[in-house]
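Asks: Sending over a structure as structure tokens; questions will come in a sec.
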Amino acid sequence: MYTGTDQKGFTLIELIIVMVLISLTTSFALPRIQANLYTNELSATAQRFVGLVTQAGQEARAKHVAFTLRFDAEANAFLAMPVTSGPETEEKKNKA
């Protein structure tokens, strides 16, 4: 039965239902996405740390100098630094 009006569009009920479905889908997906982002960031940080330890070990062997790993809170980063004093350097001085 044709009423003579040609209305196009969505009703308010249809729009509300779609918004509820989008909200529900997002609420279920968001925690998983956040967990993946956290896991990827943690994995990347661990890989960088392992790389730093490996590099420090290679430099220590090449230069015959002990290295220490320090955490710089201001830069929020780990640093590999040669040991300039301490038991390791005292042993080298005594041997020389």
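The values are calculated or read from the model by the stated rules, or taken from the named source; none is laboratory data. Model, not experiment: these values are computed from the prediction. Neighbour counts run over all protein chains shown; Cβ positions are idealised from the backbone, glycine included.
Asks: Mind listing whichever residues of segment 73-94 are of a type in the set (D, E, K, R) and at pLDDT below 85?
Replies: E88, E90, E91, K92, K93
Asks: Sticking with this one: If a residue must be more than 26 Å from the chain's Cα centre (by Cα) and surrounded by 11 or more Cβ atoms within 10 Å (Cβ to Cβ), how many such residues does segment 56-69 contain?
Replies: Counting residues in segment 56-69 that are more than 26 Å from the chain's Cα centre (by Cα) and surrounded by 11 or more Cβ atoms within 10 Å (Cβ to Cβ) gives 4.
Asks: State which residue pairs qualify: first residue surrounded by 14 or more Cβ atoms within 10 Å (Cβ to Cβ) and among the small types (G, A, S) and inside segment 70-90, second residue part of a helix (DSSP H, G or I) and at pLDDT 85 or above in any location, beta carbons under 7 Å apart, and separation of 6 or more residues or different chains.
Replies: Cβ pairs passing all conditions: A80/L52; A80/Q55; A80/A56.
Asks: Moving on. With the checklist (1) surrounded by 10 or more Cβ atoms within 10 Å (Cβ to Cβ); (2) more than 20 Å from A80 (Cα to Cα) in hand, flag the one item G51 doesn't pass.
Replies: Condition (2) is where G51 drops out.
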